[in-house]
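Report on one structure; see the data block that follows.
The numbers here are math on the coordinates, done by the rules we state, and not lab data. Every value quoted in this text rests on a predicted model; they were computed, and no experiment measured them. All Cβ positions, even for glycine, are placed from backbone atoms using ideal geometry, and neighbour counts span all protein chains on display.
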Amino acid sequence: MARYDRVIPPGGEGKISLQINTRGYRGNVSKRARIYTNEPGNRYQSVDIQVFVKVPIYVTPQNVYLRGPADQKVMAAVTVKGDGTKDLKLDETEFTLSEKVTYTIEEVESGKLYRIHFTRLPGEAGVYRGILKLKTTYPEKPELAIRLTAQFYKVSEPQKK
């Protein structure tokens, strides 16, 4: 969002305020604003803004994709890491793909780092979407939502000669 002085007299100064909504971002974020003028030969200037968005809990990757043949197990993993200011504990509150996918939570580093392993068991071909919701011990991020997309296809039988 930008706020700025609408009219600046020739040779005068004006102010521009830029605000970035960082919701949904984490880590290094770069944005560019273009400032348009009526000055001949200098129609616009670019301003680059770089920020680091600190989040209490890092989830990497943020979305899980399971893709493969319907007759085989397919696996993926997600890492969940607290910012280190306090102990992190995770508890399941909801899992919408329990009939298609299983998961286990592995505590890699006590109170700090977890790895969640997702396994799609052999079954029907199709595309499935769901979510794993976890309760955390971080008051600033009491719930995590990990989105899953699973795409499984039929394996073609070999052609007969």
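Residue separation of ILE131 and THR60 scaled by 0.36 nm, minus their Cα-Cα distance, works out to 24.0 nm of gained length. Residues of region 114-139 falling in the label zone of THR93, defined by backbone nitrogen less than 13 Å from a point 7 Å along Cα to beta-carbon, are 132-139. Once each of the GluC sites (Glu not before Pro) sitting in a DSSP loop with at most 15 other beta-carbon atoms within 10 Å is removed, the chain keeps 14-98 as its longest stretch. Footprinting exposure proxy ranking of MET75, MET1, fewest other C-beta atoms within 10 angstrom first, gives MET1, MET75. Cβ-Cβ distance of ILE20 and MET75, R₀ of 41 Å, FRET efficiency by 1/(1 + (r/R0)^6): the value works out to about 0.65.
Determine the distance separating the Cα centre of region 55-115 from the Cα centre of region 1-25; give it in Å without decimals. Here the answer is 41 Å between Cα centres.
Give the residue list of trypsin sites (Lys or Arg not before Pro) in region 119-158 that are DSSP loop and have at most 15 other beta-carbon atoms within 10 angstrom. Here the sparse-neighbourhood loop sites are LYS154.
Across region 1-92, C-alpha contacts under 8 Å between residues 6 or more apart give a mean separation that, scaled by the residue count, equals a relative contact order of 19 percent. With the convex hull constructed from alpha-carbon coordinates only, the chain shows a mean projected area of 17.2 nm² over all directions. Over region 2-53, all Cα pairs binned in 10 Å intervals from 0 give whole-percent P(r) values of 18, 45, 24, 12, 0, listed from short to long.
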